[in-house]
Structure formats: structure tokens, C-alpha cells
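Asker: One structure, pasted below without further comment.
The values are calculated or read from the model by the stated rules, or taken from the named source; none is laboratory data. All of these numbers come straight from a predicted model, not from anything done at the bench. All Cβ positions, even for glycine, are placed from backbone atoms using ideal geometry, and neighbour counts span all protein chains on display. Just the protein is used for accessible areas: all its heavy atoms, side chains included, with ligands, DNA and RNA removed. Shrake-Rupley method; radii C 1.70, N 1.55, O 1.52, S 1.80 Å.
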Amino acid sequence: MAGKVKWVTDIEKSVLINNFEKRDWIHVTENDDWNFYWMSIQTIRNVFSVDTGYRLTDEQMVNHFPNHYELTRKDLMIKNIKRYRKDLEKESSPLAEKDENGKYTYLDFVPVTFMLPADYNLFVEEYRKNPSSTWIMKPCGKAQGKGIFLINKLSQIKKWSRDSRTSTFVAANSGKEAYGRSLTYALRSGDHISTSEMLH
């Protein structure tokens, strides 16, 4: 980008505006020619909807990208990585190569992951192979470490399941409070520790 960056935002956060101004960037409106647009999720959806057909130029950047939640929501990221692995296998790609133990040689960067309650039986089977393992539970609709806890006994999941049936959570993208049983992913600790989330 030649010259000073022209920026616009639809979020009135002083930390953003102060940083843009500190860099002597030029504040413009969304109807002007801009280089950087700090958009809310709703604005991203509106700007990049199928109806608008809007595309960024080489000189434009935004803080989100359409369907970003496919990677930023860990449950969807896991789903997409698994889909990617299957696509590579279908294409007989060398990236899908597995070792003698059946583990991916190049794509083994995601820990064993289960959605609960849907994958409960599969989880129990894996748990029994490694009963001394610690697992991370991350409830749905939470972020920044809220609601995460560790388990090392199956009875802890049963207790969590009973307790969570009456809990409330906010449904993703709806802004409405919903009542019901939240779903989680459980991830085995070991070489990798991570968390994922899922809403029912």
C-alpha cells in the first residue's frame, strides 16, 4: 500500500481508534476508498453476502473473513480438518500418508477429539485404552477459557451431563438465550492439549 492507510470501523472501541490514530492512518467512511476496515461480524456478513458479490481489492484488508467461524470455532475447525484429510486420501495425496500405526505422517497435529454426547460410546472406548489420561472438557458457547474443566474419570462426565441439563447458554449467532443440554468436545491430553466447542 502506497501512502497512508485509510481506515474505517463500525465498532467504536477506543483501543482500535487510538492505535489507528497513533499510526497517523487516515479515517474515512465505508463509502470512501479504504484500505483497512475493522468490521463487526454482522457487517462482514452483510458486506460479503451472496447478494452483494463484493470482493476485496489487492489494497484492502479486513479483520475477519467470510465464514471465519469455520476455523475459529474449534468444533468446525476439527470437522474441516477431518474433511480435508478425507479429500487428500481420495486424491491419494502424499500428505495423507500414514505410518505403520495408522497415524498421519504430516497431518497429525490435532488431538483425539469427540463430540459429546453424540460420540460418547467412542469416547468411552478410547478412554478405556488410556484410563490414566486427563481430558479437557469445553462447554458450548463459551470463550476465553470460561467453563473449561479437566476430567480423568467417566463419572465426572456423567455428573457434568446431569448438571448441564438445566444450564443456560446463548445459541451461536442468534443472540437469544436458549435452555437445554450443552454439547462439548472432549480432547485427550498427551502430546497435544486443545479445546473445542459445539452447540446443540
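Asker: Can you give the FRET efficiency for GLN144 and VAL15, using 1/(1 + (r/R0)^6), R0 = 22 Å, r = Cβ-Cβ distance, to the nearest 0.05?
Answerer: 0.85
Asker: Taking a virtual spin label 7 Å from the Cα of ASP32 along the C-beta vector, which residues in region 58-86 bring their backbone nitrogen under 15 Å of it?
Answerer: Counting only backbone N, you get no residues.
Asker: According to a simple spin-label model (label point 7 Å from Cα along Cα-to-Cβ), what is the distance in nm between SER155 and ASP119?
Answerer: 2.6
Asker: When Lys and Arg each count +1 and Asp and Glu each count -1, what net charge do the other residues less than 13 Å away from TRP34, Cβ to Cβ, add up to?
Answerer: Around TRP34, the charge tally is -3.
Asker: What does the highest-first list of 44-51, 109-116 look like by mean Cβ count within 10 Å?
Answerer: Ranking, from highest mean packing down: 109-116, 44-51.
Asker: Full-extension gain between VAL50 and ARG128, please, as 0.36 nm times their residue separation minus the C-alpha to C-alpha distance.
Answerer: 23.4 nm
Asker: Could you tell me the relative contact order of region 1-94? Use alpha-carbon pairs under 8 Å, at least six residues apart, and round to a whole percent.
Answerer: Rounded, it is 24 percent for region 1-94.
Asker: Here's a follow-up. Any idea how far the Cα center of region 124-156 sits from the one of region 42-70, in Å?
Answerer: Using only Cα atoms to place each centre, the spacing works out to 35 Å.
Asker: Keeping every protein chain present and rolling a 1.4 Å probe, give me the accessible area per residue for region 56-119 in Å².
Answerer: 67
Asker: When the Kirkwood hydrodynamic radius is evaluated over all pairs of different C-alpha atoms of region 66-151, what value in angstrom, to one decimal, is obtained?
Answerer: 15.0
Asker: For region 1-147, list log₁₀ I(q)/I(0) at each q in 0.09, 0.17 Å⁻¹, using the Debye formula over Cα point scatterers of equal strength and ignoring solvent, two decimals each.
Answerer: Each listed q corresponds, in turn, to -0.51, -1.06.
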